[in-house]
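The values are calculated or read from the model by the stated rules, or taken from the named source; none is laboratory data. Computed from a prediction, not measured in an experiment: that's the story for all the values here. Cβ atoms come from the backbone with ideal geometry, glycine included; neighbour counts cover every protein chain shown.
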Amino acid sequence: MTGDPVNEARLHGYVDGALNEAERAEVEVYLAAQPDDAERVRAYRAQNDALHRAFDAVLDEPHALRIGAPPRRRWRWMGGLAATFIGGAVIGALVHAMWGSQQVTAGALTIARQAALAHVAYMPEVRHPVEVQASDEQHLVAWLSKRLETPVRAPSLLSAGYRLLGGRLLPPAGEVGTAPVALFMYENAQGKRLSLLVRRETTGSGTAFRFSRDGATNVFYWIDGPLGYALAGDLGRDELSAVALTVYRQLNP
Amino acid sequence: MPAFTAAEIEALIPRLRRFARALTGSREAADDLTQDTLERAWVKRELWQAGTNLRAWLFSVMHGVFVNSLRRARPTESLDDLEHAGQERADDGASAETAIAVRELREALLRLPDDQRQVVLLVGLEQLSYAEAAEVLAVPIGTVMSRLARGRERLRQHLEEGTPDRHGLRRVK
């Protein structure tokens, strides 16, 4: 049947479920007598299934795209983030934060800086990147919650390719008060690490995502209720923003 | 008056991203392509005919953006990106075998000529009808059928012979 355009089209129609019942029956009779073509049909159907297996996961990925995002790429994801996850009501505030005075509170700046410093300090550790291993996650979370005097959670970043290595306690940042600071560390299959810093915040009950860059380390940070979060990693901004969204979603199901 | 709302078009972003990812093989190139498609679709929104398939129309916009981008430069095919995708699947609980199969498929797809890859994806992944695919690509339906036949057969051969690994060696079956 190969080479005969009419019949070849019919075989593909059969693969794609585009035939009516009579046509389908006809093709089935034909295929019963033509094992080579039957094998091709089987392979083409398997291709369609394989395409879904390979790419359907993209449908569930967080993304930051939206219409009307400013053309400059580095701002693009920010707007999308707002539209997708924060909702229209805070877009104004976000825009103000991004294009307005650019000022952030001293506390918010500090969390980004603290996360970048901690990431740079502990990320290269081969043997002891964390104090408590992820294998003891229950204990880790209970311990850090107790020390921060508020429940904290270690979000799962497996969907982004990062597994939890464990966590550690950091000294408090001066102006925030006396509560210590929790640091979770994650690692992907290539050995790339991310640090998620969690600490109590005294200023404000919520902010939009913000971005800062500290040397080679990029940081996304935000405040949510009593806690501030900062995700630090030597990752591209877009890649890190996708993980930050995963964190945010996990903490705000 | 706009023919559709921004929300309607944005609801289809996951579908556009999936197609773009399969088409370009790279997350960043795919998201750039999708973002450019959104912008262009919004500017050209008066051209959409109400009552027709909005998703198919968006694919046709994407096709135009894609072809233009090819004229400027080949999209980069990032092997790291491919490996990352395989890793994502493995972490999702799929077996290592599945991850390898997924990776081989993605590599084999990228070895198809662009016009064949587009048709294979529009029909096989996005499940557009042949007529819709013809409209998306602005070609006669017979052209869609011949590209589909050639693309599928070539993909089958690539998958059967195994894809070359990053050192250019072929896997021994």
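Inclusion of B:ARG147 among residues that are among the basic types (Lys, Arg) and either within 10 Å of chain A (Cβ to nearest Cβ) or not in a helix (DSSP H, G or I) (or both) is not warranted. Consider region A:10-58 and keep the residues that are polar (S, T, N, Q) and either within 30 Å of A:SER159 (Cα to Cα) or in contact with a strand residue (DSSP E or B) (Cβ under 6 Å, 6 or more places away or on another chain) (or both). The one that is nearest to the other protein chains (Cβ to nearest Cβ) is A:ASN48.
Tallying residues that are closer than 17 Å to A:VAL247 by Cα and at pLDDT below 85 within region A:152-186 yields 0.
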